[in-house]
Every structure is written in structure tokens, then in C-alpha cells.
Amino acid sequence: MIDIINIRKYFPILNATVYGNPLIYLDNAATTQKPECVIQTIDELYRTGNANIHRGVHFLSEQCTEKYEQAREKIRQFINAEKTSEIIFTSGTTGSINTVASSFGERFVSAGDEIIVSEMEHHSNIVPWQLLCERKGATVKIIPFDDKGVLRIDLLDALISERTKIIAVTHASNVLGTINPVKEIIAKAHLHNIPVLVDGAQAVPHGIVDVSDLDCDFYTFSGHKIYAPTGIGILYGKEKLLEQMPPYQGGGDMISTVTFDKTTYAQLPLKFEAGTLNFIDAIALGAAIDYVNNIGRQNIIEYENKLLDYATQKMSSVEGLKIYGEANDKVAIVSFLLKDIHHLDTGMILDKKGIAVRTGTLCTEPLLAHFDKTGMVRASFAFYNTFDEIDILCENLEKILLMFK
Ligand code: PMP
């Protein structure tokens, strides 16, 4: 059960007012708000615990190193990876995907090769592959989706060729909400020995990831979308692949020994953690994971599904409102347009009522092009949102319709 009153008290910002209205924060797919335990972890570390990790023999350095490595172990358990050596701290999903595109690409991709992504990817899971293809003379191929926002995996077999080097696909769409059948995609890819990267930015916060069960080769997500700070994220990679890949960046911490003749690299995961990592926020990510575990992932899934069903049903009954993304299996994201009212107008009027939604391209221009749109409005939910907030959203959508009549 979700104890909504106490949960909301635990997120200080949810008490804020915007233009004199109580804040209704429905932009969780862009970033989530932070619970007390995350704020306190950062505050306490900077007040009493801060020292650079992995380098010092002194007390604070050792203590910080231990907490950092404990956070890594918490994340390993959270996504059910086999080994901590497979958990790499990065700056976020974008950092993780760029690491793989660059390092895996350097080792395994050459001219004439192919990379498959889907039509519903965030720009973060398109552009790094395009950059790689430009460097190497490779090409990107696309798995399309249908008008309900369901991936056409029936077309995947025809897209796969002996030149396919990797498939990169999102676990859940940040616009359509669709939860993709990534396990099935991975199984198909593995029949051809093709590795799969799963972009989990929108799946992890909703409690649905087990990398061992999926058998994915890479999995990426961002801390800030799962109640942790910005600037920290995770790259999970299978050890046997990470070991064959060159370091992404050079610098401190990622080396074993350095001479001007020859430098050798550190063991995993440090081989991919050059320089001073964002260790304070990595520890705070561990605190966020503890918090989510305490709430209970099953509770989160059940509550958010109820919010999604309620929002879908209520919003559908607003005259002229069209929802984009009607898959059966969705995370709590509802993207929509109100008749021919511009998405920015809808967003700005809602803002004046204290309702924060996202508008614009949502970093998915190819997805929008599918629907021949240049922007949408997106309401995205977290377990601290309420049914009342959905009612207020819908009341205001009705008012906007009247204003534009
Ligand atoms: N992939 C998806 C599906 C996303 O929703 C986002 C963030 N909106 C990203 C990747 C990029 O995440 P970040 O900006 O935290 O690196």
C-alpha cells in the first residue's frame, strides 16, 4: 500500500506553490523530485563526510570509498546484476549510451556494419549511434511502431543481417509510455549473437528491471529520474563484453600503471570510471534505491498503474483530447494534444495554475514525425501524485478548451 500522505510529506518540494497555486508536478519523466533521505545524504556528506574516493589512506577518504562501493552493491542488487564489476557509474543515461557507442563501437563496428534502433527512441539513443556511424561508415536501421505506439517486432527478423552489430532499444518510451517486449527482442538478437543495449531511463523508476532475467548485454539509466540527484547514472554491461572494450576516457582511477612507454588499465568497473566521479551523488543514488525498496516496487507498480488507468480514462473523456500511446503495457505517462491548440499554449496555461507538464519535442523528433506532429504535451506520474491532481488537470484542460472555442 502507498501511504500517500506520509510519502508526500517526505518530498519537501511538493509543498511548494506556483503562482499562488499548490504545485501539481506532472513532469516526472523529465526528472523526479527528491525525498528527504536523498537531500539529507548529500547535506551530511558535504558537512561531515566529503573526501575524494579510492585515493587516500585517510579516514574520510576510506569512509567515502566504502559508501560509494556500497552504493554500487545496492544498485547491483536492485537491477539483479551478477557482479558489481558490471555496474559502472556514469553521468546518466546519455553518458552511459555514449560510453557504449564509443567504446563498443571502437572495438566492434566497422564500415558497412549496421546498428538497429527503434523509431520511438529518445535522441540519446539515436544520436550517439549516428555519430558512431559517421565515424565508421556504418548505418542505422529502424524498427517502426504502429499507430497505437506498439513496436513492430514482427519486422525485426527482416531488419537483422549478418552486418548487424548491436540493437539499442528503449525499455519504456518517454512519450508513448509503451513498455517494450525487450526480453523477446534480446532473445531474437541472441539467436544471431547480436548484443542488445536497453535504455532503461523510463523503466527503472517504475520498478521493472531485472538484467539477469532480461539477459541484456547493456542496460542504462539516470539517477535523477529515480529520486536521486542529477549528474549520476548507471551503465550495466556484461563483464565479457566490457572486458573486450577499450576505455572510454583516460585519466586517474582507470589505470593500473602509467609509463610513457605503456599504460595498462584498471580492472572493471574502474576501467570505465576515469577521473573524479560524482561520488557524493552516487552515494545519494544508493539512498534513493533504499527508499524505493522501502516503499516496495510492487506497491509502486500497483499504485502507478491505478493512476495511469484513472488519468487515461479521465483525460479521454475531455472533448477533443487525443492521447498518443495506447499500448496495453505502459508506464504512467500520458502524452496528448487538445484539438488543434498549440502544445505550448496548453503547457503555459496549465503552468499558471501550478500544473507542471512538459511540452515540445520531448527529445523524440522521429517519434513525433510518425504522427506528423512537432510537439506534444506530456503528463508523467510518480507514486507521490494523487487522483485529485488528475481531476484538477482535467478541469483545467476543459477550461482551456473553452478559452479557445
Ligand atoms: N532515454 C530516455 C527514454 C529518456 O526519457 C531520457 C531522459 N528524458 C534519456 C534517455 C536521457 O536521460 P539523461 O538526460 O538523464 O541522460
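The values are calculated or read from the model by the stated rules, or taken from the named source; none is laboratory data. Keep in mind the model is a prediction, meaning the values are calculated, not measured. Backbone-built Cβ (ideal geometry, glycine too); neighbour counts: all protein chains shown. Quick note on the areas: whole protein, heavy atoms, side chains included, nothing else; ligands and nucleic acids left out. Shrake-Rupley method; radii C 1.70, N 1.55, O 1.52, S 1.80 Å.
Collect the residues in region 123-137 that are open to solvent by less than 60 Å² (accessible area, probe 1.4 Å) and away from the ligand (no atom under 15 Å from the Cβ), keeping them in residue-number order.
L132, C133, K136, G137, listed by residue number.
Is there a residue being closer than 16 Å to L277 by Cβ, in contact with a helix residue (DSSP H, G or I) (Cβ under 7 Å, 6 or more places away or on another chain) and not in a helix (DSSP H, G or I) anywhere in region 77-87?
Yes, the conditions are met somewhere in region 77-87.
Taking the stated definitions as given, is L350 assigned to a helix (DSSP H, G or I), surrounded by 15 or more Cβ atoms within 10 Å (Cβ to Cβ) and touching a strand residue (DSSP E or B) at 6+ places or on another chain (Cβ under 9 Å)?
For L350, the condition - assigned to a helix (DSSP H, G or I), surrounded by 15 or more Cβ atoms within 10 Å (Cβ to Cβ) and touching a strand residue (DSSP E or B) at 6+ places or on another chain (Cβ under 9 Å) - is met.
Can you tell me which residues in region 43-77 are touching a residue at least 40 places away in the same chain (Cβ under 8 Å) and more than 19 Å from P269 (Cα to Cα)?
Result: L45, Y46, N50.
What number of residues within region 357-385 are touching a residue at least 40 places away in the same chain (Cβ under 8 Å), closer than 24 Å to L14 by Cα, open to solvent by less than 60 Å² (accessible area, probe 1.4 Å) and touching a strand residue (DSSP E or B) at 6+ places or on another chain (Cβ under 9 Å)?
Here the count works out to 10.
Would you call T276 among the hydroxyl-bearing types (S, T, Y), within 13 Å of the ligand (Cβ to nearest atom) and under 21 Å from I75 (Cα atoms)?
No; evaluated as a whole, the condition is false for this residue.
Given (1) open to solvent by 90 Å² or more (accessible area, probe 1.4 Å); (2) part of a loop (DSSP other than H, G, I, E, B); (3) among the aliphatic types (A, V, I, L, M), identify the lone condition not met by I341.
Only one criterion is unmet by I341, namely (1).
Would you be able to say whether some residue in region 246-258 is under 14 Å from S85 (Cα atoms), of a type in the set (D, E, K, R) and in the same structural domain as S124 (by TED's automatic domain parsing)?
Checked region 246-258: no residue is under 14 Å from S85 (Cα atoms), of a type in the set (D, E, K, R) and in the same structural domain as S124 (by TED's automatic domain parsing).
Evaluate the following for V357: is it touching an Asp or Glu at 6+ places or on another chain (Cβ under 7 Å), at pLDDT 95 or above and among the aliphatic types (A, V, I, L, M)?
yes
Could you list, in sequence order, all residues of region 233-261 that are part of a helix (DSSP H, G or I) and open to solvent by 60 Å² or more (accessible area, probe 1.4 Å)?
K240, E243, Q244 - these are the residues of region 233-261 that are part of a helix (DSSP H, G or I) and open to solvent by 60 Å² or more (accessible area, probe 1.4 Å).
Which is part of a helix (DSSP H, G or I), away from the ligand (no atom under 16 Å from the Cβ) and outside the structural domain of A201 (by TED's automatic domain parsing), of L45, L14, L60?
Residue meeting the stated conditions: L14.
Return the only residue of S102, S85 being within 16 Å of the ligand (Cβ to nearest atom), in the same structural domain as Q202 (by TED's automatic domain parsing), more than 30 Å from I323 (Cα to Cα) and at pLDDT 95 or above.
S102
Under 9 Å between Cβ atoms, at least 6 apart or on separate chains: pull out the pairs that start in region 212-226 with a residue that is acidic (D, E) and end on any residue that is in a strand (DSSP E or B) and within 13 Å of the ligand (Cβ to nearest atom).
Pairs that qualify, where the first residue is acidic (D, E) and the partner is in a strand (DSSP E or B) and within 13 Å of the ligand (Cβ to nearest atom), are D217/L197; D217/V198.
Scan region 177-184 and give yes if some residue there is touching a Gly at 6+ places or on another chain (Cβ under 8 Å) and either part of a helix (DSSP H, G or I) or at pLDDT 95 or above (or both), otherwise no.
For region 177-184, residues touching a Gly at 6+ places or on another chain (Cβ under 8 Å) and either part of a helix (DSSP H, G or I) or at pLDDT 95 or above (or both): present.
Could you go through region 163-177 and let me know if any residue there is in contact (Cβ under 8 Å) with a residue 40 or more places away in the chain, open to solvent by 30 Å² or more (accessible area, probe 1.4 Å) and more than 24 Å from Q249 (Cα to Cα).
Yes; the residues of region 163-177 include at least one that is in contact (Cβ under 8 Å) with a residue 40 or more places away in the chain, open to solvent by 30 Å² or more (accessible area, probe 1.4 Å) and more than 24 Å from Q249 (Cα to Cα).
Given the residues T230, T220, which is the only one that is among the polar types (S, T, N, Q), outside any loop (DSSP other than H, G, I, E, B) and at pLDDT 95 or above?
T220
Residue check: is G56 at pLDDT below 95 and open to solvent by less than 50 Å² (accessible area, probe 1.4 Å)?
yes
If I ask for residues that are more than 18 Å from N193 (Cα to Cα), in contact with a Lys or Arg (Cβ under 9 Å, 6 or more places away or on another chain) and either part of a loop (DSSP other than H, G, I, E, B) or within 16 Å of the ligand (Cβ to nearest atom) (or both), which ones from region 139-175 would you list?
Across region 139-175, the qualifying residues are I143, P144, F145, D146, G149, A172, S173, N174, V175.
Just for region 24-37: of the residues that are open to solvent by less than 20 Å² (accessible area, probe 1.4 Å) and away from the ligand (no atom under 16 Å from the Cβ), which one is nearest to S173 (Cα to Cα)?
Filtering region 24-37 for residues that are open to solvent by less than 20 Å² (accessible area, probe 1.4 Å) and away from the ligand (no atom under 16 Å from the Cβ), the one nearest to S173 (Cα to Cα) comes out as I24.
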